[in-house]
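One structure below.
The values are calculated or read from the model by the stated rules, or taken from the named source; none is laboratory data. In this text the structure is predicted, and so the values were computed from the model without any measurement. Note that we place each Cβ from the backbone using ideal geometry, even for glycine, and neighbour counts take in every protein chain shown. Protein only, heavy atoms only, side chains kept; ligands, DNA and RNA dropped before computing areas. Shrake-Rupley method; radii C 1.70, N 1.55, O 1.52, S 1.80 Å.
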Amino acid sequence: MAQKSQEKGATGAPVVTDPARVRNVVLVGHSGSGKTTLVEALLAATGTIGRAGSVTDGTTVCDHDPAAVRQQRSVSLACAPLVHDGIKVNLLDTPGYADFVGELRAGLRAADAALFVVSAVDGMDAATAALWEECAAVDMPRAVAVSRLDHPRADFDEAVALCQRVFGDNVMPLYLPMLGDDGISTVGLLGLITRRVFDYTAGLPADVREPDPEHLPAIAESRNELIEGIIAESEDETLMDRYLDGEEIGTDVLIEDLEKAVARGHFHPVVPACAETGVGLDALLEVLTAGFPSPLEHELPAVAGVDGSPRPPLTCDPDGPLVAEVVKTTVDRHVGRVSLVRVFSGTLRPEQTVHVSGHGLAERGHPDHDADERVGHIYTPLGASLREVGACVAGDICAITKSGSAETGDTVSARDEPLLIAPWDMPEPLLPVAIVARTRSDEDALARNLARLVAGDPTMRLERNPETHQLVLWCMGEAHADVVLERLRAGGVELDTEPVRVPLRETFTVAARGHGRHVKQSGGHGQYAVCDIEVEPLPRGTGFEFVDRVVGGAVPHNYIPSVEKGVRAQMERGLVAGHPAVDLRVTLVDGKAHSVDSSDAAFQTAGALALRDAAEKGQPTLLEPVDEVTVRVPDSSVGAVMGDLSGRRGRVLGTEPDTAAEGRTLVRAEVPATELLRYAVELRAMTSGTGTFRRHFVRYDPMPSHLADQIRKENTP
């Protein structure tokens, strides 16, 4: 057990100098499972805060974001440290809604263990089950807190059975709820290992006593299952034989083996906990501090030089080289940029000059950057509050402010030995939202606020489309987009949204001839140019060809490039609907010139007119981009997804088992991009939040005539 003492900073913030006295725990679970309320109760139970706040009142420590208060659900990662039994526990509260998976990913990166919060009323969603599998793949230690026991419909036994069905083996309760005299309310816990009753009738701490006779059968049955599970994971191979021979295994031995199995990620205790009444909070704190591992026992991410050169593996050593990571960046209107930092190696100190590196996210609006910066003050965050501390050692989490370049995912390292941490998996934003500032003055404010948001949110991508001239935010879903827009408006930006336009192309379907005549006389030098062209469609993706077949000098040689320039300009402007034309061969066959009035500009105009004339005869058509889509879904959703893709004018290419996860399938298809604008939202609804997809452009294909005609009408003055 760790030391019992705990230093305090000048502001009362907990300060640790030994990584063994730190636990970094991320809370995960579906929206409404009670994560934020549970964190609030744990903070109050340990005296970190005076009294617990309320989600409905908007007074909790973790849900301090205005969007979270308004929506009454978490929308961003929050860190809330507490101290129990001499151990500092950094609780990382994450949003449960799928749109904010980037915040969840950041929490997983900063944590060494995960606490899954499962509602005794609502159970769990499929996304939580998928996340358990993901944590299991890397042996991350996990425990389960069954919450909301105070609800009239709460069913602890069913919640445990659900966890065992979904999460698999070695998910077992350490305690059973004890009901009050009314037979409904939970007033205590029955400890299965200690065979003691923990009575919370008088509040925390619990009154510990011997069980009543009516409790003994339930304790005995569940205790036997628990002991067998613990012994199966024990490193002592003789323990099972001794147990089967009837030997009474000591409580100390069981607890020691339990803690080792939990820390290795092989055993997953279930603890009933009620934030409202305090039942089980102390038991849960014991699991967090004694069962979960310290950063010393957690494998650290790989590092490399900023040039990509390999480096030795990191160790969680306060005296080692400084390597930390910005897991979240926010911009406070009063404090400025605030970066939540997990220190993996070394010690981060105030007034220290560090190197900040960010590489690999240029396609999402985060250009590669390297800069030396001086760290000002270092803080321990408590939600939105910042409490100054003197240093942050390896394994701990802190906040730094006013960094000029630090963005989410950046590496903070020593100036004389700059390093890069291997990036974590960032989900791709796939829901586009086109925004437009209402006034010119709003455009400047929009640019400033967007830069701040993009710096802190790698799941948002900013795109200025040069063809549609739209400013497009790529978000994770509608809820994510709503939060982004709300933050922009809170920053003083008046803006509107508009339908997203997909860049289309135009081309000819048959060969045609065109005649361009540009003749003007207005005194002095006039304008005179005539040209005749033949236009042929080319295979898709060929591009543009210009051929000169003029004979007899009908078009002077020096004006032939002018005709080509005019044709190219008209192709950029479009033929019938204002979209660029592609895959054409234009042949200049004849023309006329004037010795005085012909000019470069005149033949450019004539070339453009000739192409427009040919377009009236060449049956031009619209081309739409086609993306190859790879959809990852549970096996049970394959049929629905394939049918939906076909309904989107998609062509299913095939399916294959997902080798990364059992019970999931990859569906590959080619789908027009115009049919994918809201696919991120609709796929989530179709698969209960478990479906994901990737997309990449493959080619342009002709658009169906009825859709093309509709677009032509919309673009006809």
Given a Förster distance of 60 Å, report the FRET efficiency between residue 299 and residue 699 from their Cβ-Cβ distance, rounded to the nearest 0.05.
0.90
Using a 10 angstrom Cβ neighbour count of at most 11 plus a DSSP loop assignment to flag exposed trypsin sites (Lys or Arg not before Pro), which longest range of the chain is free of such sites?
334-548
Note down the relative contact order for the chain as a percent, whole number, built from C-alpha pairs under 8 angstrom at least six residues apart.
10
In degrees between 0 and 90, to the nearest 10, how far off the longest principal axis of the chain does helix 251-264 point, with axes built from Cα atoms?
10
Lone cysteines, the chain (no partner Cβ under 4.7 Å)
62, 79, 135, 163, 274, 316, 475, 531
At a 1.4 Å probe, what is the % contribution of carbon and sulfur to the accessible area of the stretch 154-254?
49
Accessible surface of the stretch 282-398, 1.4 Å probe, proportion on carbon and sulfur as whole %:
51
What do you get for the angle between helix 560-573 and the principal long axis of the chain? Use alpha-carbon atoms, 0 to 90 degrees, nearest ten.
40
Fully extended, how many nm does the chain gain between residue 57 and residue 405 (0.36 nm per residue separation, minus their Cα-Cα distance)?
121.7 nm
In whole percent, and with a 1.4 Å probe on the protein chains, what portion of the accessible area of the stretch 620-695 is carbon and sulfur?
48
Out of the stretch 434-499, which GluC sites (Glu not before Pro) are coil in DSSP terms and have no more than 14 other C-beta atoms within 10 Å?
467, 494
XL table 260/328; 88/328; 565/592; 328/402; 35/88; 520/565; Cα-Cα > 24 Å flagged, in table order, is 260/328
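Want the number for residue 136 to residue 486: 0.36 nm per residue separation, take away the alpha-carbon distance, what's left?
On the way: separation 350, 0.36 × 350 = 126.00 nm, distance 3.62 nm.
Full extension of this stretch gives 122.4 nm more.
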Heavy-atom accessible area per residue, the chain, 1.4 Å probe: how many Å²?
43
Tensor-based shape of the stretch 253-343 (alpha-carbon gyration tensor, a/c under 1.5 rounded, otherwise prolate or oblate)
oblate
